[in-house]
1. Once you sort the root eigenvalues of the Cα gyration tensor of the stretch 206-276 as a ≥ b ≥ c, which label holds: rounded (a/c under 1.5), prolate (a/b larger than b/c) or oblate (the other case)?
2. Cα gyration tensor of the chain, axes a ≥ b ≥ c as square roots of the eigenvalues: rounded (a/c below 1.5), prolate (a/b > b/c) or oblate?
3. Counting other beta carbons within 10 Å of each Cβ, put Phe14, Phe104 in order, fewest first.
4. Add -39500 (n - 2.57) for each DSSP H run of 4 or more in the chain, then divide by its residues: what number comes out at 222 nm, to the nearest 500 deg cm²/dmol?
5. Taking a 25 Å limit on the Cα-Cα distance, which of the listed pairs Lys75/Lys121; Lys93/Lys310; Lys75/Lys310; Lys23/Lys237; Lys185/Lys310; Lys121/Lys152 fall beyond it?
6. Are there any trypsin sites (Lys or Arg not before Pro) in the stretch 220-299 that are in a DSSP loop and have at most 16 other Cβ atoms within 10 Å? List them by number.
7. Can you list the GluC sites (Glu not before Pro) in the stretch 1-74 that are in a DSSP coil and have 10 or fewer other beta carbons within 10 angstrom?
8. Which one, Pro87, Ala191, Ala217, projects farthest toward the positive side of the charge dipole computed for the stretch 65-315 from Cβ point charges (K/R +1, D/E -1)?
Amino acid sequence: MTLRTIETLAQKGFVQSTDNLEKVAAKYAVAITPAMADLIAKTTGHKGIHAQFVPTYLELSAGTEEKTDPIGDTKHEVLPGLIHRYPDRVLLKVHHACPVYCRFCFRREMVGPQGQAMSPKDVAAAMDYLRARPLIREVILTGGDPFMLSAKRAAALTENLAAIPHIEILRWHTRVPVVDPERVKPEFVRALRTEGAAIFVGLHANHPDEFTPAACAALARLADAGLVLISQSVLLKGVNDDVDTLEKLMRAFLRNRVKPYYLHQMDPAPGTAHFTVPVERGRELISQLRDRMTGLGVPAYVVDGPTGRKRHLDAEEM
């Protein structure tokens, strides 16, 4: 059973004191799947997993530089759930819930029980918007986590989007294969496949220990179905801000047929400052990573911002 309360976290021994944590849980959603709870229990004292999912009182402190919408989703939301930031692609926030709630999430005030999923009316309006704009070639399905959808709804979305002649790429962004791998059932994998568009799955993982046998099996089901897998990770203090961990993480992606794609500088959402890694340190880590492994395993080091444009930090001058 997914852990959703501070009381259950205390019973598991994941928190030593509940002081102030009820306030955190009242503000930001808490959920830890059985797969991640088992991993946390096996790695007691190991911050790499524990810190990503277990709340801390530090989340109650918000600096002036931290924003509820740090990458400017609202500014670019042209219809409910539809974000059009770049000329050739859009985001569809099709689901408001996640299987786990990462403590560094940049949408932490928009997802969870209080979030709003796209209604059938919203989805229909988004489809009309896409049909009318032939410059849009890629649709990124996000949320929340779109892998929380039923296979039936995922299939309907895939088919309807792929039927739009100028839509060439569908990209599903998800944490599910590593944090709740049993959800990646064969019928769900089949729901993602289509002849009408290239399907990419953007896997979010931040630490090599997330690649449990069950997670690797879920990724194999996706890769064996012919889906293209790419990675997304967030650079997090105390989790993966050393080159040994990053190397192991990128090698774990490659072993599982996931192409390392993006390493994100953490977006400054409220209560996340304790995860911040200086950009200079991030650049140093990418440089060290290049010295250690194949170019296939080196992601682009990027940062989003309220202007709506990604900056490639590893390509900028120091």
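1. On the way: a/c = 2.33, a/b = 1.93, b/c = 1.21.
It comes out prolate by the Cα gyration axes.
2. Cα axes put the chain in the rounded bin.
3. On the way: Phe14 19, Phe104 24.
Sorted ascending by nearby Cβ count, the order is Phe14, Phe104.
4. On the way: 11 runs with 104 residues, N = 318.
The per-residue figure over the chain is -9500 deg cm²/dmol.
5. On the way: Lys75/Lys121 21 Å; Lys93/Lys310 19 Å; Lys75/Lys310 15 Å; Lys23/Lys237 23 Å; Lys185/Lys310 33 Å; Lys121/Lys152 17 Å.
Beyond 25 Å: Lys185/Lys310.
6. Values: sites: Arg221, Lys237, Lys248, Arg251, Arg255, Arg257, Arg281, Arg283, Arg290, Arg292; in loops: Lys237, Arg257.
The qualifying sites are Arg257.
7. Working: sites: Glu7, Glu22, Glu59, Glu65, Glu66; in loops: Glu65, Glu66.
Here the sparse-neighbourhood loop sites are Glu65.
8. It is Ala191, whose Cα lies furthest towards the positive end.
Here, each number is a calculation from the coordinates, and none is a lab measurement. Owing to the predicted nature of the structure, the values given are computational and were not obtained by experimental measurement. With ideal geometry, Cβ positions are generated from the backbone for all residues, glycine too; neighbour counts draw on all protein chains shown.
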